[in-house]
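Asker: My questions will all concern the structure given below.
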Amino acid sequence: MTSSGPSVARTVADLRRPPPAPVEDARQYVNLWREAEALGGDRVRAMVLILRTRGCYWADLKGCTMCGYARDTLGRSATPEEIREQLARALRQHQGEPYVKIYTSGSFFDPREVPREVREEVAIAFRGRARRLLVETLPEFVQPDEVRDFRTAFGGELEVALGLESTQDEVLRRAVNKGSSVEDYLAAAARLKEAGALRKAYLLLKPPYLTEKEALQDALTSVLRAAPHFDTLSVNPVHIQGGTVVEHLFRQGVYRPPWIWSLLEVLREGHAAIPREVRLVSFPTSGGNPRGIHNCLRCDADLLARIQEASLRQDFRELDVEPPCPCRETWRWEMELESLAPEA
């Protein structure tokens, strides 16, 4: 892995957090949309809700190099009443989707983001409305009793996502700037299993300071090492978010988002090597443009559609592209040339 040079993490973190929001803004959730998903072998529509809370505490301390979600926060803690109003507005938009995903730009089980008394109300609100409810959290907030209580209040399947990103501690520490170790995440996954929750891990493709080949190998290694500990693995290619270290590097011309060809390799090889019962998926954000995962921009739309279809069906024959776009050779040459460059 190449050297990172002087860190700009603290400077960037200072720019992430918005000023404290007025009450009228705090009563409106950040966003709500619907997307394709798979549930128990069926293709369904999922409702995705982003609540407006104080967001991730780690973003206040140092922050991850690629994460700009702190910009969608309140800049302060939300009161129980404000979250209740956001939830009420979201419930009016629910159209019977059996799969509901709720994000807070941080950790759902951090009581500074979602107070405990409101957390139970969220579970009860979707009881009988949805079959599966997904939330995400940092590992330090996974307490089996609290997770079990939330799952019981919901009454359906609870899925908890952890942003593992990589199974190499050096990558987490130097490239992602995580505050937790790989062991912390795996221990949290064990606690989730104890609490009866489904476990999902987000794995990052191409954090900064890795070459394309290093990033491909890191993501593939992470898929293989994480598979025994999770029910679903989601490979998330880095996209350029505002106010991040990655954006700073991108503007300096020293970072390129990953190639779609790299993601295809990770998915094909990873799926062939992990147990059948573990789902491997990827639904790239901002794919097909210069700030997201892309190839030559001519073949991108077709390949991204194939990736989504393969993820939903768990049939990765969709990714066998013949003949491939000529840019595949450019990708191969770029990886070879990167490997010849001396480390800084």
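Asker: Sequence gap of 8 or more, or different chains, plus Cα separation below 22 Å: how many lysine pairs satisfy both in region 9-340?
Answerer: Final tally of qualifying lysine pairs is 7.
Asker: Sticking with this structure for a sec: Taking amide H positions as placed 1.01 Å from N in the peptide plane, with prolines and chain starts having none, which residues 5 or more places from Ala21, or on another chain, fall under 5 Å of its amide H?
Answerer: Excluding prolines and chain starts, which carry no amide H, the hits are Arg76.
Asker: For the chain, give me the percentage of DSSP beta bridges that are antiparallel, rounded to the nearest 5 percent.
Answerer: Percent antiparallel among DSSP bridges in the chain is about 25.
Asker: Amide H of Gly163: which non-local residues (sequence gap of 5 or more, or other chain) have their own amide H closer than 5 Å, using H built in the peptide plane?
Answerer: Thr137, Tyr202
Asker: A further question on this structure: For the chain, which span is the longest to avoid every loop-located (per DSSP) member of GluC sites (Glu not before Pro) having at most 13 other Cβ atoms inside 10 Å?
Answerer: My reading of the result: 1-276 is the longest stretch.
Asker: As a footprinting exposure proxy, order Trp259, Trp33, Trp331 by other Cβ within 10 Å, with the fewest listed first.
Answerer: Ascending number of Cβ neighbours within 10 Å: Trp33, Trp331, Trp259.
Asker: If you don't mind, there's one more thing I want to ask. Which residues in region 294-312 have a backbone N closer than 19 Å to a point placed 7 Å from the Cα of Arg276 along the Cα-to-Cβ line?
Answerer: 310-312
Asker: Less than 12 Å from a label point 7 Å out along the Cα-to-Cβ axis of Glu35: which backbone N atoms in region 221-259 qualify, by residue?
Answerer: 234-237
Asker: Quick check on the chain: helices-only [θ] at 222 nm, where DSSP H runs of length 4 and up contribute -39,500 (n - 2.57) each and the sum goes over total residues. Nearest 500, please.
Answerer: Estimated from H runs of four or more residues: -11000 deg cm²/dmol.
Asker: In which sequence would Met47, Met335 go, from the one with the fewest C-beta neighbours within 10 Å to the one with the most?
Answerer: Listing Met47, Met335 from fewest to most nearby Cβ atoms yields Met335, Met47.
Asker: Then there is this: Calculate one ³J(HN,Hα) per residue across region 234-239 by plugging θ = phi - 60° into the Karplus curve 6.51 cos²θ - 1.76 cosθ + 1.60, and present them in order as whole Hz with x for glycine and proline.
Answerer: 10, 8, 10, x, 4, 10
Here, each number is a calculation from the coordinates, and none is a lab measurement. Treat the numbers as computed from the prediction; the structure is a model and nothing was measured. Glycine also receives a Cβ, built like all others from the backbone with ideal geometry; neighbour counts cover every protein chain displayed.
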